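Below: the structure, in structure tokens.
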Amino acid sequence: LLHAAGLMTPAHGSCRVFGCETDSFDDTHMAERLRVGFVFAGGKLFNHLTVAENVALPLRYQKELSAAEAAGVVGTLLESLELTPLADSTPANLTASWRQRAALARTLVLKPELLLLDNPLAGLGVRHRHWLQQFLDQLWRGHDWFDGRPLTLAVATDDLRPWRNPDRKFAVLDEQTFAVLGSCHKVEFAQNR
């Protein structure tokens, strides 16, 4: 995921996203880089900012919007993710489940075309796991936030069971080799070998 997001250079080989080598995701390739959203495990929110400020940060930094200009966009997104009551809370005052949801909102605010998620279900309660899986399912099918456009998701996880769905495609990283397996049935077959 770090390679695809352009946050780490591959030791060997290359990684291309949207036709661009990710090791060259510098300021001259900012448009391509912003097409990729990344949700870190645990959220990685700024503790000195409120949830609303964390979510607004990409709009303020990348789109150079004022706080007032960003507020309307942020409010709509917070409502979609059921975060409105927590908008003025700081991450330190939230459970891991709500921090993860706020981190997802911060990533979605720029409307990426590819969403990279690092172990998004880790540490979440059952209710939040269920909510997140349903929400991610809406995203890849076409959510209102994206005007019905489907969003491509790439999820890294250590447990494939919650992700089994005949419509999803799977790949595994085994001993530094990335192997595309395809459907969940092929994953089950590979595990039984």
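Express the accessible area of the range 1-141 per residue in Å², computed with a 1.4 Å probe while the remaining protein chains stay in the model.
On a per-residue basis, the range 1-141 sits at 51 Å².
So what's Rg/Rh here for the range 61-115, counting alpha carbon atoms and using the Kirkwood radius for Rh?
0.96
Short version: what are the Cα gyration tensor semi-axes of the range 1-78, square root of 5 times each eigenvalue, largest first, in whole Å?
After diagonalising the Cα gyration tensor, the semi-axes are 28, 15, 10 Å.
Grab the eigenvalues of the alpha-carbon gyration tensor for the range 12-143, scale each by 5, take roots, and send me the semi-axes largest first in whole angstrom.
24, 19, 14
Share of the range 1-114's accessible area from carbon and sulfur, percent, 1.4 Å?
Roughly 53 percent of what the probe reaches on the range 1-114 is carbon or sulfur.
Amide H to amide H under 5 Å from V155: which residues, 5+ apart in sequence or cross-chain, H placed 1.01 Å off N in plane?
L117
For the range 1-70, which chymotrypsin sites (Phe, Trp or Tyr not before Pro) are in a loop by DSSP, counting at most 14 other Cβ atoms within 10 Å?
In loop regions of the range 1-70 (DSSP not H, G, I, E or B), the sparsely surrounded chymotrypsin sites (Phe, Trp or Tyr not before Pro) are F18, F46.
Relative contact order for the range 68-168 using alpha-carbon pairs under 8 Å, separation at least 6, rounded to a whole percent?
26 percent
On alpha carbon coordinates alone, what is the Rg over Rh value for the range 96-156, Rh being the Kirkwood radius?
In the range 96-156, Rg relative to Rh is 0.94.
The values are calculated or read from the model by the stated rules, or taken from the named source; none is laboratory data. Remember, predicted model here, so these are calculated numbers, not experimental data. For neighbour counting, all protein chains shown are included, and Cβ atoms are generated from backbone atoms with ideal geometry for every residue, glycine included. Areas reflect the complete protein model, heavy atoms only, side chains present, ligands, DNA and RNA absent. Shrake-Rupley method; radii C 1.70, N 1.55, O 1.52, S 1.80 Å.
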